[in-house]
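Chemist: Attaching a single structure in structure tokens format; questions to follow.
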Amino acid sequence: MVPKSSIYHHHSIRLKNYDYSQSGAYFVTICTHNREFLFCEIVNCKIVLNEKGKMVEKWWYELNNKFTNIETDLYVVMPNHFHGILVINNPPVEADIRVCTDNITDQSKGEHTGSALHKIVQWFKTMTTNDYIKNVKTKNWAPFDKKLWQRNYYEHIIRNEIELNRVREYIMNNPLKWELDFENPERKKEYKNFTDYLKVHIL
């Protein structure tokens, strides 16, 4: 487990009046509770997923089946966090119809069209948590401390293709630069929060 002295809290950069269900690409980062190392090891700058990491990977792919209006893009499962790009593809509709459909559930698919980003992330965190708990009971996985994920998560609206390519590059290179990663408790603490870190390394 990561020492408590190494725990940092992300500063939210959610836009106050932004509609997180509208079409667009989003960079999402979710950290384990207490930054606990659970999902993989970094060996020679390469990720070696354990069963827990493969479980997280499985539910990332499953998002495409659960939410028909999204596509998953590049992602990476790191020892104590997860990065991924989610693309929300909501069809253009009239405003009054939009309000109605947001409150209607399609029972055949299990989710209404146009789910907001926070609901998508919440479902991902819930399903991975439930699966982890099941495997604690059936496969003797080591139990996590109180909860699997932090309550909050970080998201960034990807505004153009240049930024999309920067985020993709960051995700692909994340294992190579693990020693400099913001979530690595052994790195030099030169940034106060994750937002400042990303401004230097991506944005």
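The values are calculated or read from the model by the stated rules, or taken from the named source; none is laboratory data. This structure is a prediction, so every number in the text was calculated from the model and none was measured. Positions of Cβ are generated from backbone atoms using ideal geometry, with glycine treated the same way; all protein chains shown enter the neighbour counts.
Chemist: Would you pick out the residues in segment 163-179 that are in contact with a strand residue (DSSP E or B) (Cβ under 7 Å, 6 or more places away or on another chain) and not in a helix (DSSP H, G or I)?
Modeler: Passing the criteria: Asn174, Pro175.
Chemist: For segment 73-87, does any single residue satisfy the condition of being closer than 15 Å to Ser115 by Cβ, modelled with pLDDT under 90 and among the β-branched types (Val, Ile, Thr)?
Modeler: Among the residues of segment 73-87, not one is closer than 15 Å to Ser115 by Cβ, modelled with pLDDT under 90 and among the β-branched types (Val, Ile, Thr), which makes the answer no.
Chemist: Condition first: under 16 Å from Phe37 (Cα atoms), within 16 Å of the chain's Cα centre (by Cα) and modelled with pLDDT under 95. Now tell me which residues in segment 119-152 satisfy that.
Modeler: If the condition is that a residue be under 16 Å from Phe37 (Cα atoms), within 16 Å of the chain's Cα centre (by Cα) and modelled with pLDDT under 95, then Gln150 is the only one that fits.
Chemist: While we're looking at this one, here's another question. Which one is farthest from Phe82 (Cα to Cα), of the residues in segment 34-51 that are of a type outside the set (Lys, Arg), in a strand (DSSP E or B) and touching a residue at least 60 places away in the same chain (Cβ under 8 Å)?
Modeler: Ile42
Chemist: Oh, and also: Could you list, in sequence order, all residues of segment 113-131 that are under 16 Å from Glu57 (Cβ atoms), surrounded by 19 or more Cβ atoms within 10 Å (Cβ to Cβ) and of a type in the set (Ser, Thr, Tyr)?
Modeler: The one that is under 16 Å from Glu57 (Cβ atoms), surrounded by 19 or more Cβ atoms within 10 Å (Cβ to Cβ) and of a type in the set (Ser, Thr, Tyr): Thr128.
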